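Since the structure comes first, as structure tokens, the remarks are kept for the end.
The values are calculated or read from the model by the stated rules, or taken from the named source; none is laboratory data. Being a predicted model, the structure only gives us computed values, none of them experimental. Cβ coordinates were reconstructed from backbone atoms using ideal geometry, including for glycine residues, and neighbour counts include every protein chain displayed. Accessible surface areas use protein heavy atoms only, side chains included; no ligands, DNA or RNA. Shrake-Rupley method; radii C 1.70, N 1.55, O 1.52, S 1.80 Å.
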Amino acid sequence: MNTLQAILPTSAAAADVVFRVEGLMHQYGSSADARRILDGVEFEVRRGAFVCIVGPSGTGKSTLLRCLSGLQTPTGGQIIFNGARVTEPPQGLALVFQDYSRSLMPWLTVLDNVTLPLRAGSLTRRQRDEQGMAALQEVGLANAVSQYPWQLSGGMQQRVAIARALAYRPAAVLMDEPFASVDAQTRADLEDLMLSVRKHLGISVLLVTHDIDEAVYLSDQVCVLSGSPAKVAAIIDVNLGSERGQITTKATREFADLRTQVYQMIRRPAAVKS
Amino acid sequence: MVAPFGPHRPTRLSRRIRAVFVEAWLPIVLVALWWVLSARFPSTYSPPLQEILRLFRELWLFEHARTDLLPSVVNLVLGYTLALAAGVGLGTWLGLSPRLSRVLWPTLEFVRAIPGVAILPVFIILLGVGPTMKVTLIAVGAFWPILLNTIDGVRSVEPTLRDVAASFRIPLKHRLLHIVLPAASPQIFSGARISLSVAVILIVVSEMVGANGGIGYFVRSAERSFAIPEMWSGIIVLGLLGYVLNTLFRLLEARVLAWHHGMTTRTQRDGR
């Protein structure tokens, strides 16, 4: 049904595309006992789009994300980020990790955590701090700048991690199950935060999740990963408008339909196999 | 930055005073006991404490402090600083190269197991009995605990932080200064603490065996000439030196590792 070409003609101007993933293969180990994880994954992320990659646990989402971020070299295919092939962590790509308690530095204050990646640039300390403050303001943490991450709640820590990504002024933010370690209420708050940040700053977001509701709620497009080794089972456009609310949007017919559609796409290939 | 503990906490000052009292009563009792018993039953080997303290004032405030204590302290500080610089520097390098450190680890563990005192004769043959020998001996002896702890600390840096550093393209210099070394600092400090006591032992031993000055030499020569009260006064100075160095170290550690203590108490309290 939804082939990649039908939805995203490859002729689309390259400048409008932040991520282009072509025939991505990855396997661990070699030859006989190799474990194939990714089998020709293909998709695109348009500039300014919010795309969620959704798939059940163990479908190779983490491997895909590590390849996308340049932390791991895939065994086949290629990834184009911002017009250049990814061979190492590319410039202009910011990561938000699942485990905030491990991805923040407990010896640095909130502000220093946010500005650490900026130290390498040509900014003065003052400019860095201003940029960091602006990002913290964006995530609603202007009052916590001089605290340490471990003094904050889990949700606030993840906000710090998001602020660190924003302060980096990236072309795209890559998020790995960013809300999987917080409670449901906080999770909803953080989802809405990402929607407003994205709207406000116009950045591209690629978010990996196993949660179908989350994927549909956040996305302009949902990229369904399925099978073992994983392939893109479908790319589904989400036309829920730019104004979304946890209660209103999730109560709509369209939301329910999309949810069902994604769920079926996740189940189907597995069902065919068995 | 300190979280409030609730409305009924005692004032800071009164808590301080209590804490001092809790820690101080035993030493006071012990010194008083020593004073009374040594005055009551004086012997050649345990002269009255009063006599020892009189000599302590006479000798160490400040004549011998300058001629005997100061050179020892200078050697100690020099040797320890060298050990710190080399241990942390090499340890970081080895910790960041897992293959190399795996190859070297058994050898390092073996060399570390040789007591510093055991290689003293080698150093005397090679370097004589001057300050160079003492500084080298301290540096070499204090080097190992710092080195091994630094390697261990650097190796166990949270892998997610490596990913953070790599994905944000944080350059090596900042990685070392703001990620690797702070992450390893609790381990480095525990190595440095062991090294400090090793260094104090080594300076005393080196001066006792072959030297013509220094606090260790003073104690040894007092003993040889049966100047027992003088010997005791020197031992008290050594005790005080060790105590002062340890206290300074603890103060520095509390400052540098404030985040670590804060985080661990927080984690324990929250039961996470």
Original post:
Which of the following residues is open to solvent by 70 Å² or more (accessible area, probe 1.4 Å), in contact (Cβ under 8 Å) with a residue 12 or more places away in the chain and within 14 Å of chain B (Cβ to nearest Cβ): A:T87, A:T75?
Top reply: A:T87
**OP:** Please give the number of the condition B:G130 fails out of (1) free of Cβ contacts under 8 Å to residues at least 24 places away in the same chain; (2) surrounded by 11 or more Cβ atoms within 10 Å (Cβ to Cβ); (3) farther than 20 Å from B:I215 by Cβ.
**Re:** (3)
**OP:** Evaluate the stretch B:170-178: report whether one residue or more is out of contact with any Leu (no Cβ under 9 Å at 6 or more places or on another chain) and not in a helix (DSSP H, G or I).
**Re:** yes
**OP:** Determine if the stretch B:93-108 includes at least one residue that is modelled with pLDDT under 90 and within 23 Å of the chain's Cα centre (by Cα).
**Re:** yes
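Here is a yes/no grid of residues against (1) open to solvent by 50 Å² or more (accessible area, probe 1.4 Å); (2) at pLDDT 90 or above; (3) closer than 29 Å to B:E223 by Cα:
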site	(1), (2), (3)
B:R9	yes, no, no
B:E23	yes, no, no
B:I28	yes, yes, yes
B:Q50	yes, no, yes
B:E58	yes, no, yes
Original post:
Are any of the residues in the stretch A:124-139 more than 22 Å from A:L207 (Cβ to Cβ), open to solvent by 50 Å² or more (accessible area, probe 1.4 Å) and β-branched (V, I, T)?
Top reply: yes
**OP:** Within the stretch B:96-110, identify whether any single residue is touching a Gly at 6+ places or on another chain (Cβ under 6 Å), open to solvent by less than 30 Å² (accessible area, probe 1.4 Å), assigned to a helix (DSSP H, G or I) and away from chain A (no Cβ under 14 Å), and answer yes or no.
**Re:** no
Subject >> Test: A:R253 is farther than 27 Å from A:T63 by Cα and of a type in the set (K, R) >> reply: yes
Subject >> Selected residue [within 23 Å of the chain's Cα centre (by Cα) and assigned to a helix (DSSP H, G or I)] from B:A86, B:A32, B:A39 >> reply: B:A86
**OP:** Say whether the condition of being under 21 Å from the mean Cα position of the chain (by Cα), touching a residue at least 12 places away in the same chain (Cβ under 8 Å) and surrounded by fewer than 19 Cβ atoms within 10 Å (Cβ to Cβ) is met by at least one residue in the stretch B:208-225.
**Re:** yes
Subject >> Whichever residue in the stretch B:231-259 is open to solvent by less than 50 Å² (accessible area, probe 1.4 Å) and closer than 18 Å to A:P149 by Cβ and, among such residues, is nearest to the other protein chains (Cβ to nearest Cβ) >> reply: B:W259
Subject >> So B:A183, is it closer than 25 Å to B:R255 by Cα and either under 24 Å from the mean Cα position of the chain (by Cα) or away from chain A (no Cβ under 13 Å) (or both) >> reply: yes
Original post:
Only one of (1) among the aliphatic types (A, V, I, L, M); (2) open to solvent by 10 Å² or more (accessible area, probe 1.4 Å); (3) more than 10 Å from chain B (Cβ to nearest Cβ) fails for A:V51. Which number is that?
Top reply: (2)
Original post:
Only one of A:V208, A:V224, A:V197 is open to solvent by less than 40 Å² (accessible area, probe 1.4 Å), at pLDDT 90 or above and in contact with a Lys or Arg (Cβ under 7 Å, 6 or more places away or on another chain); which?
Top reply: A:V208
**OP:** Can you tell me which residue within the stretch A:90-122, out of those that are open to solvent by 20 Å² or more (accessible area, probe 1.4 Å), in a helix (DSSP H, G or I) and more than 9 Å from every other protein chain (Cβ to nearest Cβ), is modelled with the lowest pLDDT?
**Re:** A:Y100
Original post:
Is it the case that A:T186 is open to solvent by less than 10 Å² (accessible area, probe 1.4 Å), among the hydroxyl-bearing types (S, T, Y) and at pLDDT below 95?
Top reply: no
